[in-house]
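Scroll down for the structure; my scribbles are underneath it.
The values are calculated or read from the model by the stated rules, or taken from the named source; none is laboratory data. Since the model is a prediction, treat every value here as computed from it, not as a measurement. Cβ placement follows ideal geometry from the backbone for every residue including glycine, while neighbour counts extend to all protein chains displayed. Accessible surface areas use protein heavy atoms only, side chains included; no ligands, DNA or RNA. Shrake-Rupley method; radii C 1.70, N 1.55, O 1.52, S 1.80 Å.
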Amino acid sequence: MTNKPINEEEPEIIYIPDEEGNEEEFEVIMRFEVDGSDKKYMMLVPVPTTNDEEESDEVYAFRYEEEGDDLQLFTIDDEEEWNIVEETFNTLMDEMDGQEEEEEEVIK
């Protein structure tokens, strides 16, 4: 399992059209590959707009493929694949939380 940390200072932003063709802005919070698979996944959160009263807790998962500068996103429709992605994401988030706690203890 590999993950690619995203630079917190300069978030990676992508635009995805909604059903009406309006482009919505999303921040990439994580990219990873699942062991034993050549599939790549990314986790996105909506970028809050000035009209939003509070940040959304929604996280969206997509399988993606890159060819040069082109990025193609694919929805995850298979329940088994979704379960693997969800488990991997939760494991990586737990690892990141553990690392942050260790860093905070060192700072104290």
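Taking E33 as the residue in question, decide whether it is within 22 Å of D78 (Cα to Cα) and at pLDDT 85 or above.
Answer is yes for this residue.
I'm checking my understanding of the structure. Among residues of the range 14-48 that are touching a strand residue (DSSP E or B) at 6+ places or on another chain (Cβ under 8 Å) and among the hydroxyl-bearing types (S, T, Y), which one is surrounded by the fewest Cβ atoms within 10 Å (Cβ to Cβ)?
Ranking the candidates gives Y15 first.
Please name all residue pairs, on different chains or six or more residues apart, with Cβ atoms under 7 Å, provided the first residue is in the range 18-31 and is touching a residue at least 24 places away in the same chain (Cβ under 8 Å) and the second residue is open to solvent by 60 Å² or more (accessible area, probe 1.4 Å) and basic (K, R).
R31/K4; R31/K40
Mind checking which residues of the range 67-87 are open to solvent by less than 100 Å² (accessible area, probe 1.4 Å), closer than 17 Å to E33 by Cα and either more than 13 Å from the chain's Cα centre (by Cα) or without any contact (Cβ under 8 Å) to a residue 40 or more places away in the chain (or both)?
L71, F74, T75, I76, D78, E81, W82, N83, I84, E86
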